[in-house]
Every structure is written in C-alpha cells, then in structure tokens.
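The values are calculated or read from the model by the stated rules, or taken from the named source; none is laboratory data. Predicted model, so just to flag it, every value in this text is computed and none were measured. So basically every Cβ, Gly included, is an ideal-geometry build from the backbone, and we count neighbours across all protein chains shown. For accessibility, only protein heavy atoms count, side chains too; no ligands or nucleic acids. Shrake-Rupley method; radii C 1.70, N 1.55, O 1.52, S 1.80 Å.
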Amino acid sequence: MRCITKEMLDARENADSTYNYILRTPKPDFTELDKESAEFKAWITEEHKKDREIMTEALRANGRL
C-alpha cells in the first residue's frame with residue numbers, strides 16, 4: 001500500500017498535466033445560460049398549459065370528460 005507523502009502532493013501540484021489544467025481552470029459563467037433556461041422554462045410551461053386545454057376541450061367534445 002502506498003502512503004501519501006508531502007513530496008508526492010508537491011509533485012502533483014507542480015506537475016504540468018491535464019489534470020492540473022482542469023483543476024486550475026476557473027468555472028465558466030453560466031448567468032446567460034441560466035437566464036435563457038428560465039425563459040425557456042416559462043415558455044414551455046405556457047405551451048404545455050395550452051396543449052392541456054386543447055386536449056381537455058377535445059375530450060369534453062367527445063363526451064369522455
């Protein structure tokens with residue numbers, strides 16, 4: 001079994017690797033995506049509401065509701 005030592009941690013921190021690139025990359029800014037998602041959610045909710053109303057009217061017209 002390997003013991004993690006300070007030297008191993010230092011070597012990993014100072015290494016020029018893809019792993020460190022991923023760790024050091026700042027998180028992306030999702031504000032625009034969040035705004036667009038909220039707009040889409042509101043729009044699709046209204047569209048589903050319209051579809052439910054159309055289906056309810058069709059069921060009432062056929063005497064099934």
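Taking θ as phi - 60°, what are the ³J(HN,Hα) couplings along region 27-37 by the Karplus curve (6.51, -1.76, 1.60), each to the nearest whole Hz, with x for Gly and Pro?
These are the phi-based 3J(HN,Hα) values: 5, x, 8, 9, 4, 5, 5, 4, 5, 5, 5 Hz.
Leaving out ligands, DNA and RNA, what percent of the accessible area of the chain is carbon and sulfur, probe 1.4 Å?
Accessible surface attributable to carbon and sulfur in the chain totals 58 percent.
Write down the accessible area per residue of the chain in Å², having rolled a 1.4 Å probe over the full set of protein chains.
On a per-residue basis, 101 Å².
Using a Gaussian network for the chain with springs between C-alpha atoms less than 10 Å apart, which of these wobbles most: T31, T45, T18?
T18
Name the residue, out of E47, E32, E13, whose mean-square fluctuation peaks in a Gaussian network model built on the chain with Cα pairs under 10 Å.
E13
Based on Cα positions only, what radius of gyration and what Dmax would you give for the chain, in angstroms?
Over the chain's Cα set, Rg and Dmax evaluate to 27.3, 78 Å.
How many lysine pairs in the chain, separated by 8 or more positions in sequence or lying on different chains, have Cα atoms less than 25 Å apart?
So the count of such lysine pairs works out to 6.
Show that you can apply the helix-only estimate: for the chain, add -39,500 (n - 2.57) for every DSSP H stretch of four or more residues, divide by all residues, and state [θ] at 222 nm to the nearest 500.
-24000 deg cm²/dmol
How far apart, in nanometres, would the label points at L33 and N14 be if each is projected 7 angstrom from Cα along the Cα-to-Cβ direction?
Here the modelled spin labels are 3.5 nm apart.
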